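Right, one structure below, let's go through it.
The values are calculated or read from the model by the stated rules, or taken from the named source; none is laboratory data. Because the structure is a prediction, the values reported are computed rather than measured. Neighbour counts run over all protein chains shown; Cβ positions are idealised from the backbone, glycine included.
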Amino acid sequence: MSINRRHFLASAAAATGAIMLPRAVMAADTIKLGSVLDVSGIFDAYGKPMDMAMRLAVSQINAAGGLLGKQVEVVGYDTQSDMALYSQYAQQLVREDKVDVVHGGILSASREAIRQTLHKNKTLYFYNVLYEGGVCDRNIFINGVTPAQQAEALVPYAMGKSGKKVYIVAADYNYGQITARWLQKFVADNGGETVGVDFFPLDVSDFGSTIAKIQTAGADLVIAPLVGGAHLSFFRQWAAAGMKDRIALASTTMGVGNEHKVLTAEEGNGIMVAYNYSQELDTPENAAFKEAWVAAGGDAGGMHELAVSNYHGVLTWAEGVRIAGTLERDAVVEALETGVSITGPGGKVTVDPKTHHAVLDVHLMEVENQGMRVVETLPQRQPIDTQAVCDLGANPDDNTQYEIQI
Amino acid sequence: MDLVFVIIVEMLYAVASLVLISAGLAIVFGMMKIINLAHGEFMMMGGYVTITAVTLGANVFVAMLIIAPVVVGLIGLVVERLVIRHLYGRLVDTMLATWGLSLFFIGLATMIFGNTTTGISTPISGFTVGNYQVNGYNFFIILIAIVLLGLMYAVLKGTRLGLIARGAMQLPDMAAALGYSPERIYMATFFCGSALSGLAGAILAPLVGLVPTSGGAYIAKAFITVIAGGPSLITGLMASSGLFGFISQIFTFAVSPVMGEVALLVAAVVLLRLLPQGVTGKFFRGRL
């Protein structure tokens, strides 16, 4: 048989098509979950357990038969605590990997670096981290606590235990700046006075002069929304200066990356916090979670607030997909907007249809011997700060982060 | 009154920490004209050596003051034998080589210790001054800086070894003609410089959370201090550390910590515009 050019092209095209075919079928056989987290670098204390929790949730979903009869495949990227890598990997997840959902982002700066890319490309996005509140975007679901859920409870409790003069030391980027404003509002609402606010770039690790300034201002209470490895030095230097017994200390971030386990008991004891999760929570869900965590090769004391949030996020998304019966973004969003609810290690977490934030339990806690002792539990708190400014039912096209004005 | 005291302590602390982080670089750059871009990584290694030694059960002061300088000094010795000695007198080449070394050490520390924040707590407790609490460790750092400067002065000025070292730096050929091997003197000097960098990293370790890339935070400040100090080793180090520590703390207290850092950099730029040879290029000439 002689082969002419036309014949060759036709058969080659057919052969190529035949090779392509099973790959296309295979691609549709798994569901792709994209993940972008800082698994190394100065934010790895947050990112590593978050990654672990996400993989744990996915393996549990797969072990139970997957979603819609398909296995879930993780496409994860390590952003190395570098904000520039977030936008790069978000593009990659959307354009090359064509994932069905993206979970991830830790710092608010990283969330804002990828949120618009995912919004524009209609890729569903879950941000599973406690943050400053106010994001109003139908493409994103957020299950971390917001200032109204956390600071609104923490500020009066901490002021009640100390006094009315409050000094705020915060990380110098959008999270710290906006959270500091919320704190000032809640301090004023509770009849207190903010005697000073200082912001620190994320690589600052010398707080000696600030500790002197706090004393000059005569503060009764210091609230510290500080972020990352370098800022851990503040708690260490605070204890080293012997301030712990003189001025009360509360934080909106200390402990979400298990910082209280890096600090010694003497350095950490007595710091007041409020979160959705504590390893010491005595619920069957938490016991099962901790057991599964260790069985999956995790460090027994390694899970923390952000890891559990990420775990909740994957479960919530999976529930939405099950109800929708499809992976199509709009259908999943509508399914989630029915008020999907899951019960995880941090208790019951329900999607708030109006804001795409979460209704969840918040615990007031004190650090004690490298653990978090629950003082009081505030069940099923609404994200009222974001609810006040955001209504995705009325404005589905909204795409802003609202900030508090004072 | 108490506040004045606290501010003075914080200022002295800022000056002392600048002296500490710059001393190793000042010796290597000031005496040997080697621009050691791996200086920050030598400090980082000093920190890791301390933390490792403490977790293995060593006394924290022994770890900081003896183990860390010796270990980092020995690492410096190996580096000098393998890399630096082939590059004496080639300024740009040493920059490139030591920059490569800094990347190598960051990679090595990441492999061994992981890219995770570690730390030990401060070994000295705080104490009260009037209405204020002060970090007791500050005084330790101030003390070490004073002792360090005193020792450097005594060795360079008062001992025969110091005299030989200074002579070999100025006229290596003449030193060789008098029977001293410049190569061995350079080797010893680089060992001392590395050991001082290790010491600085060790002493600052309890105040910070350490990661393999920590060195980067120190290198810029150390270089600014050494360059602004000018040709005189000890006088220059004292003058520029004093000036920059004072300025940055004034702005930190008066405005904010961010402005403190900004003021330090602005002061350095203005200073080098007015005195391109550094402080001791114009004042205190001929001092050690």
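If you go through segment A:290-315 and pick out every residue that is in contact (Cβ under 8 Å) with a residue 24 or more places away in the chain and in contact with a helix residue (DSSP H, G or I) (Cβ under 7 Å, 6 or more places away or on another chain), you end up with 15.
Which of the residues belonging to segment A:317-334 are in contact (Cβ under 8 Å) with a residue 40 or more places away in the chain and farther than 21 Å from residue A:121 by Cβ? Result: A:318, A:322, A:325.
Annotation note: of A:264, A:253, the sole residue that is more than 13 Å from residue B:133 (Cβ to Cβ) and within 9 Å of chain B (Cβ to nearest Cβ) is A:264. The set of residues in segment B:213-227 being surrounded by fewer than 24 Cβ atoms within 10 Å (Cβ to Cβ) and either more than 11 Å from the chain's Cα centre (by Cα) or not aliphatic (A, V, I, L, M) (or both) consists of B:213, B:216, B:217, B:220, B:221, B:223, B:224, B:227. Scanning segment A:191-232 for residues that are aliphatic (A, V, I, L, M) and within 19 Å of residue A:147 (Cβ to Cβ) yields A:197, A:221, A:222, A:223, A:224, A:226, A:227. Across segment A:235-249, the qualifying residues are those that are buried (at least 24 other Cβ atoms within 10 Å of the Cβ) and modelled with pLDDT of 90 or more, and the one among them that is farthest from the other protein chains (Cβ to nearest Cβ) is A:249.
Would you say residue B:5 is in contact with a strand residue (DSSP E or B) (Cβ under 9 Å, 6 or more places away or on another chain) and either outside any helix (DSSP H, G or I) or of a type in the set (A, V, I, L, M, F, W, C) (or both)? Let's see the steps before the verdict.
Numbers: in contact with a strand residue (DSSP E or B) (Cβ under 9 Å, 6 or more places away or on another chain): yes; either outside any helix (DSSP H, G or I) or of a type in the set (A, V, I, L, M, F, W, C) (or both): yes.
Here the answer is yes, as residue B:5 does meet what is asked.
Restricting attention to segment A:102-132, the residues being assigned to a loop (DSSP other than H, G, I, E, B) and of a type in the set (Lys, Arg) number 1. For segment A:382-398, filtered to residues that are buried (at least 16 other Cβ atoms within 10 Å of the Cβ) and polar (S, T, N, Q), the residue that is farthest from the chain's Cα centre (by Cα) is A:387.
Taken together, B:203, B:234 contain a single residue that is touching a residue at least 24 places away in the same chain (Cβ under 8 Å), away from chain A (no Cβ under 14 Å) and either in contact with a strand residue (DSSP E or B) (Cβ under 7 Å, 6 or more places away or on another chain) or part of a helix (DSSP H, G or I) (or both), which is B:234. Of all residues in segment B:11-39, those that are within 14 Å of chain A (Cβ to nearest Cβ) and more than 16 Å from residue B:218 (Cα to Cα) have Cβ atoms under 8 Å from Cβ atoms of residues that are part of a helix (DSSP H, G or I) and among the polar types (S, T, N, Q), 6 or more apart or on another chain, in B:11/B:249; B:12/B:138.
Evaluate segment B:151-160: report whether one residue or more is within 7 Å of chain A (Cβ to nearest Cβ) and farther than 30 Å from residue A:38 by Cβ.
no
The set of residues in segment A:178-226 that are within 14 Å of another protein chain (Cβ to nearest Cβ) and assigned to a helix (DSSP H, G or I) comprises A:180, A:208, A:209, A:210, A:211, A:212, A:213, A:214, A:215, A:216. Reported count of residues in segment A:167-177, each being out of contact with any Phe, Trp or Tyr (no Cβ under 8 Å at 6 or more places or on another chain) and assigned to a helix (DSSP H, G or I), is 1.
Answer yes or no as to whether residue A:163 is modelled with pLDDT under 95, outside the structural domain of residue A:193 (by TED's automatic domain parsing) and more than 13 Å from the chain's Cα centre (by Cα).
no
If we scan segment B:155-164, do we find a residue that is in contact with a helix residue (DSSP H, G or I) (Cβ under 6 Å, 6 or more places away or on another chain), among the small types (Gly, Ala, Ser) and in a loop (DSSP other than H, G, I, E, B)? Among the residues of segment B:155-164, not one is in contact with a helix residue (DSSP H, G or I) (Cβ under 6 Å, 6 or more places away or on another chain), among the small types (Gly, Ala, Ser) and in a loop (DSSP other than H, G, I, E, B), which makes the answer no. The test for being buried (at least 20 other Cβ atoms within 10 Å of the Cβ), at pLDDT below 95 and at negative phi holds for residue B:126. Taking the stated definitions as given, is residue B:222 under 16 Å from residue B:15 (Cα atoms), among the hydrophobic types (A, V, I, L, M, F, W, C), in contact with a His (Cβ under 8 Å, 6 or more places away or on another chain) and part of a helix (DSSP H, G or I)? Criteria met by residue B:222. Being touching a helix residue (DSSP H, G or I) at 6+ places or on another chain (Cβ under 6 Å) and surrounded by fewer than 24 Cβ atoms within 10 Å (Cβ to Cβ) holds for only one residue in B:42, B:104, B:29, B:61, and it is B:29. Out of the residues in segment A:140-151 meeting the condition of being in a loop (DSSP other than H, G, I, E, B) and in contact with a Leu (Cβ under 6 Å, 6 or more places away or on another chain), tell me which one is surrounded by the most Cβ atoms within 10 Å (Cβ to Cβ). The qualifying residue surrounded by the most Cβ atoms within 10 Å (Cβ to Cβ) is A:145.
When restricted to residues that are more than 27 Å from residue B:204 (Cα to Cα) and assigned to a loop (DSSP other than H, G, I, E, B), segment B:48-99 contains 4. Among the residues of segment A:350-366, those that are surrounded by 23 or more Cβ atoms within 10 Å (Cβ to Cβ), part of a strand (DSSP E or B) and in contact with a Lys or Arg (Cβ under 8 Å, 6 or more places away or on another chain) comprise A:360, A:362, A:365.
Hey, among B:264, B:210, B:272, which residue is buried (at least 21 other Cβ atoms within 10 Å of the Cβ) and in contact with a Gly (Cβ under 8 Å, 6 or more places away or on another chain)?
When all the criteria are applied, what remains is B:210.
Return yes when residue A:264 is among the polar types (S, T, N, Q) and farther than 24 Å from residue A:383 by Cα and no when it is not. So residue A:264 passes the test. Exactly one residue among A:169, A:135, A:102 is touching a strand residue (DSSP E or B) at 6+ places or on another chain (Cβ under 6 Å), outside the structural domain of residue A:67 (by TED's automatic domain parsing) and not aromatic (Phe, Trp, Tyr), and that residue is A:169. Just one of the listed residues (A:58, A:94, A:99) is modelled with pLDDT of 85 or more and either in a strand (DSSP E or B) or in contact with a Gly (Cβ under 6 Å, 6 or more places away or on another chain) (or both), namely A:99.
Are any of the residues in segment B:250-257 surrounded by 24 or more Cβ atoms within 10 Å (Cβ to Cβ), touching a His at 6+ places or on another chain (Cβ under 9 Å) and under 23 Å from residue B:142 (Cα atoms)? Within segment B:250-257, none of the residues are surrounded by 24 or more Cβ atoms within 10 Å (Cβ to Cβ), touching a His at 6+ places or on another chain (Cβ under 9 Å) and under 23 Å from residue B:142 (Cα atoms). Residue-level check: of (1) more than 14 Å from chain A (Cβ to nearest Cβ); (2) modelled with pLDDT under 90; (3) outside any loop (DSSP other than H, G, I, E, B), residue B:288 misses just (3).
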